[in-house]
Amino acid sequence: MAGGQEPRIQINQNGPYRVEGTALLWMRQVKNEAGRPIGWKRGKPLDTGESYALCRCGASKNKPFCDGSHVEGRFDGTETAERSSVEMRRRNFNGRGLVMTDIKKFCVHAGFCVSEKTDVWELVKKTEDPASRTELIRMIRSCPSGRLEYAEPPVDAPVEDELPREIGIVENGPLYARGRVVLEGADRRPYERRNRMTLCRCGASKNKPFCDGTHTDIGFRD
């Protein structure tokens, strides 16, 4: 990249996400026979060039790309998400040899934390059982927003997969930013880097720039 700048997502005030040097692709949930999400399927990267602008207001006629509709619609993209340390906001759920952490504010209601028979809050109580522990870790790692993480004491740092640095377009849903991509606010202050983040693209989240699941409530469509 020109000048050696690290790939990043920059938020334009009341405008789009400006993306530099980050792959863009469609991603969809993989579901089991009961219709529950169990993982993600990645599509092929789109031909975007080195930089591109992604719609943040939800009104573009050229989704996922910006077409300037934010100007005509007088989009209010004010960022309202907390800037305090993620570490300070985690709630701990202790299992045997594993601690699950939860930041409810990041929830996008993707559904990976619940199965037909149980949920992560029950499974963390059963981590002495190898099958339960394996299922719990799979569910946590599939959470796109990073609401759920886990650590293995005595190490406090979350255990994370090495994810490619990319942006996944979730059908009728948020942008799934992966691989600790840099995210800068409209004031050019960076948000705390995280391995998994979901960014609002319906324009209606009350936790901008992050998704809060409102796209489902308002019936957002690509």
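How large is ³J(HN,Hα), in whole Hz, for each residue of region 144-152 in order, when computed from phi with the Karplus curve 6.51 cos²θ - 1.76 cosθ + 1.60 and θ = phi - 60°, using x for Gly and Pro?
Along region 144-152, the couplings run x, 7, x, 4, 9, 9, 8, 10, 10 Hz.
If each residue's Cβ is checked for other Cβ atoms within 10 Å, how do V30, V182, V124, V114 rank with the fewest at the top?
Details: V30 10, V182 18, V124 23, V114 14.
By the 10 Å Cβ count, ascending: V30, V114, V182, V124.
Mean-square fluctuation check for the chain, GNM, Cα pairs under 10 Å: which of P144, P174, P164 is largest?
Maximum among the listed residues: P164.
Mark the label point 7 Å from the Cα of A34 along Cα→Cβ and return the residues of region 97-112 whose backbone N is within less than 15 Å of it.
111-112
Expected output is a single nm value to one decimal: the length gained when fully extending between K105 and R91, i.e. 0.36 nm times separation in residues minus the C-alpha distance. What is it?
Numbers: separation 14, 0.36 × 14 = 5.04 nm, distance 1.11 nm.
Contour length minus the Cα-Cα distance gives 3.9 nm.
I need the phi-derived Karplus couplings for region 170-185: 6.51 cos²θ - 1.76 cosθ + 1.60, θ = phi - 60°, integer Hz, Gly and Pro marked x.
Each residue's phi maps through the Karplus curve to give 8, 3, 6, x, x, 8, 9, 8, 10, x, 6, 5, 6, 10, 10, x Hz.
Under 17 Å Cα to Cα from K61, which aspartates and glutamates show up? Leave out anything in the same chain fewer than 8 places away.
Hits, sequence-local ones excluded: E72, E171, D222.
Out of the DSSP beta bridges found with both residues in the chain, what percent are antiparallel (nearest 5)?
Details: 35 of 43 bridges.
Looking only at bridges with both residues in the chain, the antiparallel portion is about 80 percent.
Between G58, G185, G173, where does the largest GNM mean-square fluctuation fall for the chain, given springs only between Cα atoms within less than 10 Å?
So, out of G58, G185, G173, the one fluctuating most is G185.
What's the exposure ranking of D217, D212, going from fewest to most Cβ atoms within 10 Å?
Details: D217 11, D212 23.
Ranked by crowding around the Cβ, least crowded first: D217, D212.
Across region 89-206, how many lysine pairs, 8 or more positions apart or on different chains, have C-alpha atoms separated by under 22 Å? Please give the number. Walk me through the numbers before you get to the answer.
Working: K104/K117; K104/K125; K104/K126; K104/K206; K105/K206; K117/K125; K117/K126.
The result is 7.
Can you give the angle from 0 to 90° between the axis of helix 130-142 and the longest principal axis of the chain, with both taken from C-alpha atoms, to the nearest 10?
10
State to the nearest 20 debye the size of the charge dipole of region 86-151 about its Cα centre, where the only charges are +1 on K and R beta carbons and -1 on D and E beta carbons. If you can, show how the numbers build up before the last one.
Details: 13 positive and 9 negative charges, 45 e Å.
So the dipole magnitude of region 86-151 works out to roughly 220 debye.
Hey, if you put +1 on the Cβ of every Lys and Arg and -1 on every Asp and Glu Cβ in the chain, which of H109, M27, S142 ends up farthest toward the positive end of that dipole?
Towards the positive end, the residue furthest out is H109.
Every number here is computed from the coordinates shown, using simple stated rules; none is lab data. Small disclaimer: the values here were computed from a predicted structure and weren't measured. Glycine also receives a Cβ, built like all others from the backbone with ideal geometry; neighbour counts cover every protein chain displayed.
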